[in-house]
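Enquirer: Take this structure first; my questions come after.
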Amino acid sequence: MRWFVNLSALHGYIYGRWTKQYVKLLLTGLARASRVGQRVAHHYHGKVLTPEQARSIITLDRDIPLRDLEQIIPYPVARDLVLKAPSDVAAYECACRAARANSCQPTQVCMVIGQPFVDFVLEHHPKRSRRLNQTEALQLLQAEHERGHLHSAWFKDAMLGRFYAVCNCCKCCCGGIEAMTKYGIPMFASSGYVSQVDEALCTACSICQDACPFEAISVDGTAKVNWQVCMGCGVCLGKCPRGALSLVRDGKKGLPLDVHLLAQDSA
């Protein structure tokens, strides 16, 4: 058991110390990794967040114990954890964007949450990271939402087996999105919501189709959402000029990572 824990800690150190190289290696091996995609996702997993859920994590003012975590994300390693109030947040260079030849800008958009991760990143990557206060973190989230990028909470067993980051992912650079859309690797769990179209307001402009990170929207007279594929990220809502889209709760999509509800449950 001690050997396993040490090996996991070493894995976490390598990931944190050489994140760019680590992710670049993963990106070049995605096609091969698709053969064992379920195993990959069991050790490194993202939960899609709506914009409101992402803001709530940043403004969390107390620790919340999470139980039966598999109901929120299909991640068997982390069955219990504490979602800690983010007294420490650092913006960190997105390794996926940095690994691409023509990456989206800006690149310093990943948000490392809590200790010891924040101090580790600031110490080892001083030119690619910066500390954020709460206002700056919320401004970063809003700016990325306006760019059409989705928010996601990330869990990794090598990172103390808990939540450690909020990423702001673009569909052109994100390795997790590529893994899902091209190779069927289940890297993301749904936010617990699904997009719904108000056909009376929709003008079939196709902006939502182009914006959707998971290719869940098609347009034929009106926009149509593929329920199976939609992850409930809310990117389409932010891009629709007519307000024809909304997010609706769907229990079949899993439980949302909603800190307000979790706080009530833990009270």
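The values are calculated or read from the model by the stated rules, or taken from the named source; none is laboratory data. Model, not experiment: these values are computed from the prediction. Counting neighbours? That spans all protein chains shown, and the Cβs are built from the backbone with ideal geometry, glycine included.
A quick yes/no check of all residues on (1) buried (at least 21 other Cβ atoms within 10 Å of the Cβ); (2) within 27 Å of residue 230 (Cα to Cα); (3) touching a residue at least 24 places away in the same chain (Cβ under 8 Å):
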| site | (1), (2), (3) |
| --- | --- |
| 118 | yes, no, yes |
| 131 | no, no, yes |
| 134 | no, no, yes |
| 139 | no, yes, no |
| 152 | yes, yes, yes |
| 155 | yes, yes, yes |
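Enquirer: Only one of 187, 180 is touching a residue at least 40 places away in the same chain (Cβ under 8 Å) and farther than 20 Å from residue 52 by Cβ. Can you tell me which? Reasoning before the result, please.
Expert: Working: 180 fails: touching a residue at least 40 places away in the same chain (Cβ under 8 Å).
One residue alone meets the criteria, 187.
Enquirer: At pLDDT 90 or above, touching a helix residue (DSSP H, G or I) at 6+ places or on another chain (Cβ under 6 Å), among the aliphatic types (A, V, I, L, M) and crowded, with 22+ Cβ neighbours inside 10 Å - does that describe any residue in the stretch 177-186?
Expert: Within the stretch 177-186, none of the residues are at pLDDT 90 or above, touching a helix residue (DSSP H, G or I) at 6+ places or on another chain (Cβ under 6 Å), among the aliphatic types (A, V, I, L, M) and crowded, with 22+ Cβ neighbours inside 10 Å.
Enquirer: Restricting the stretch 114-173 to residues that are among the basic types (Lys, Arg) and closer than 18 Å to residue 239 by Cβ, which is modelled with the highest pLDDT?
Expert: Result: 147.
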